[in-house]
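Take a look at the structure set out below.
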Amino acid sequence: MKKYDIPLFPFYKFAVDHAGIGVHAIDRDGRTVIYNNKMKEIEGLALEDVGDRSILELFNFEKEESTLLKVLQSGREQRNVKQTYWNRNGTEITTVNDTFPVFDEDKLIGAVELARDVTAIEKYVLHPLRKRIHTRSMNQIVAESDAMKTVIATAKKAAQADVPVLLIGESGTGKDLIAESIHHELLPTKGMFYSLFCNSSDPDLMDRLEEEVNREETMTLFCERIDLLPIPLQQKLLSILQSTDQSKKQFIASVDEDPVELIASGTLLKDLYYFFVSFVIQIPPLRKRKEDVLPFVMAYLTERKERFGSPLECVSAEVEELFLKYDWPGNLRELELLLDEVSSLSTTDTCITYDMLPLHFRMKQAETTEVPTQALDFIVQPQRELLPLDQYLREAEVYYLQKAMKLHDGNVTKTANALGMSRQNLQYRLRKIKNGEKD
């Protein structure tokens, strides 16, 4: 048999199934067409779990979009992108991805992702029970705005009260910093600071927690995002906390949304909320305290200069204006990640200029300068030419969804509930609007 007569498909299939990296391919509609053995191992799903479902049904990407969907929508490859997300079982996954569009001649037919699993490495840094020896104190938190000064003052009172504390604030607002600063203020001190990351459905997590709590005579335990725990694990957590000598231990918890709404939706155990509600601290989003933006930037640059000898020490007037106009939906975490990205690419520059900002951030800024649609545009007027129906409906949907998101401060979950639709459906529609796609 001639070499070129050998059927190649069995070889391709064998290579994909036995590859040491995860391979996940989707078609133009986001349906899985390839899902190799390594990807099943990384994401903890079987092929029957994936089936004919969209990846939006399978995974929760929180604020970040799926790299597969980004490439599918843009038609442009993305290399070396780290992504953290959760599967349907609540298991956290972190991968570094190379993602490529797939074309048949000139037609985009799907996308394929090559994923390297770094979950174990990430969990070494972000362990479910993370010990900290050097905690961050109140005076290290940037608080130029009146709102954050109030937060700091309240946190100091919480430390003096020595009772369970509940922190409420959007993702990235710095709830972990407040928790650590409360620990630092405790008198007498409570030993080590632990963080329990609650984005897990692992039943063994509570057993490990109980063992750690019983081992330590004194400690501060920060339960981050208790609403992400399944209700049975929340009940187990409550039982552990109630059976512990609270005079020797400080307990702090956090949620990202209104706890009353979380209880009403069945995602937060009411009794667990009551345990922590003795002292509540609400941390405002960055868009409502813009006075903290530039001081945070300068504090970041100063610390990086001291630790790594970075030459960066200022931002240009243009960048200052952009930073103050932007709403920072990811809050301080988004700002810090942006500064990390800029700083890592800078070698000799002393001032951050517009051209040094990542392209994705500059594109977001360009979107905010577009002339917005107004309600008046949808009124049928005799002197105006009628739009085609599909164009009219699309523009009306864009206007309505954007207004609804603004009304709920950009919170996708709250907006989806108000509109009577699933979070995934709303995310999908917002992505189509962002990328200018038609149905």
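Once you reduce region 8-47 and region 183-251 to the center of their Cα atoms, the two points are 38 Å from each other. The fraction of accessible area contributed by carbon and sulfur in region 205-306 is 49 percent, rounded to a whole number (1.4 Å probe; ligands and nucleic acids excluded). Overall shape: oblate for region 241-300, with the ratio a/c of the largest to smallest alpha carbon gyration tensor axis at 1.5 or above and b/c at least equal to a/b. Hey, with R₀ at 45 Å, roughly what FRET efficiency would Ser243 and Leu8 work out to, going by the Cβ-Cβ distance, to 0.05? Calculated transfer efficiency: 0.10.
The portion of the accessible surface of region 146-201 made up by carbon and sulfur, rounded to a whole percent, is 55 (1.4 Å probe; DNA, RNA and ligands excluded). The stretch between Thr347 and Leu419 holds 21.1 nm of extra length on full extension. This uses 0.36 nm per residue minus the Cα-Cα distance.
Taking 0.36 nm per residue of separation and subtracting the current Cα-Cα distance, fully stretching the chain between Lys432 and Asn139 would add 101.1 nm.
What region 167-315 shows is 42 Å² of accessible area per residue, with the surface traced by a 1.4 Å probe over protein heavy atoms.
Once the C-beta distance of Asp106 and Cys314 is scaled by a Förster radius of 41 Å, the resulting FRET efficiency is 0.30 to the nearest 0.05.
Across region 281-288, rounded Karplus estimates of 3J(HN,Hα) from the backbone phi angles (6.51 cos²θ - 1.76 cosθ + 1.60, θ = phi - 60°) give 10, 9, 9, x, x, 5, 5, 9 Hz, Gly and Pro being marked x. Our coupling estimate for region 173-186, obtained by passing each phi through the Karplus curve with A = 6.51, B = -1.76, C = 1.60 and θ = phi - 60°, is 7, x, 4, 5, 5, 5, 4, 5, 5, 4, 4, 5, 8, 5 Hz, Gly and Pro reported as x. One decimal place: the segment Val277-Ala15 gains 88.8 nm when fully extended, by the rule 0.36 nm per residue minus the C-alpha distance. With a Förster radius of 25 Å applied to the C-beta separation of Gln160 and Lys290, the computed FRET efficiency comes to 0.25.
The values are calculated or read from the model by the stated rules, or taken from the named source; none is laboratory data. Here the structure is a predicted model, which is why all the values come from computation and not from measurement. Positions of Cβ are backbone-derived with ideal geometry, glycine not excepted, and every protein chain shown enters the neighbour counts. The area values use the complete protein model at the heavy-atom level, side chains included, leaving out ligands, DNA and RNA. Shrake-Rupley method; radii C 1.70, N 1.55, O 1.52, S 1.80 Å.
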